[in-house]
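Working notes, beginning with the structure itself.
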Amino acid sequence: MKLELLQHHIDNQQLNTIQQMDLSNLIDYLSEIKMSDTGLFEHLMRLDAAICQLDLGLYGLCSDCESEIEASRLQGDPTEQRCSVCASRYRQEHRHELRLNH
């Protein structure tokens with residue numbers, strides 16, 4: 001992980017603490033210091049989900065339909081959670097939600 005991305009948000013003592021944390025504690029800590037809306041936080045959450053899937057023997061299966069995620073999608077992003085069909089459906093639904101909120 002590139003901790004340099006955090007340096008403009010935290011001091012040296014916090015950085016030293018972060019370097020000693022496991023992924024789960026790091027995610028909790030970033031949430032506590034109000035960094036849960038950053039790209040780094042999102043990436044760490046996706047990484048944590050992929051690790052959990054590995055532990056459960058479910059890595060590479062779509063979180064929505066449970067079919068296999070295409071190898072090309074996983075090669076492009078090993079933290080991918082959806083097959084191409086479900087990812088497209090998710091994007092469409094999410095766009096619709098955004099329009100309803102405006």
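Throughout, read-outs are computed from the coordinates displayed, never taken from laboratory work. Worth saying up front: this structure is predicted, and the values here are computed from it rather than measured. Neighbour counts are summed over all protein chains in view; Cβ atoms, including those assigned to glycine, are modelled from backbone coordinates with ideal geometry.
Applied to the stretch 33-40, the Karplus parametrisation 6.51 cos²θ - 1.76 cosθ + 1.60 on θ = phi - 60° returns per-residue 3J(HN,Hα) values of 8, 6, 10, 6, 9, 9, x, 4 Hz, with x for Gly and Pro.
Close amide H partners of E70, meaning residues 5 or more places away or on another chain with modelled amide H under 5 Å apart, are S84. Neighbours of L74, meaning other residues whose beta-carbon lies under 14 angstrom from its beta-carbon, give a summed charge of -1 when Lys and Arg score +1 and Asp and Glu score -1. Among residues other than Q53 with Cβ under 15 Å from its Cβ, the summed charge is -4 (Lys and Arg +1, Asp and Glu -1).
Between R46 and H94, what is 0.36 nm times their sequence separation minus the Cα-Cα distance? Round to one decimal in nm.
On the way: separation 48, 0.36 × 48 = 17.28 nm, distance 1.76 nm.
Roughly 15.5 nm would be gained on extension.
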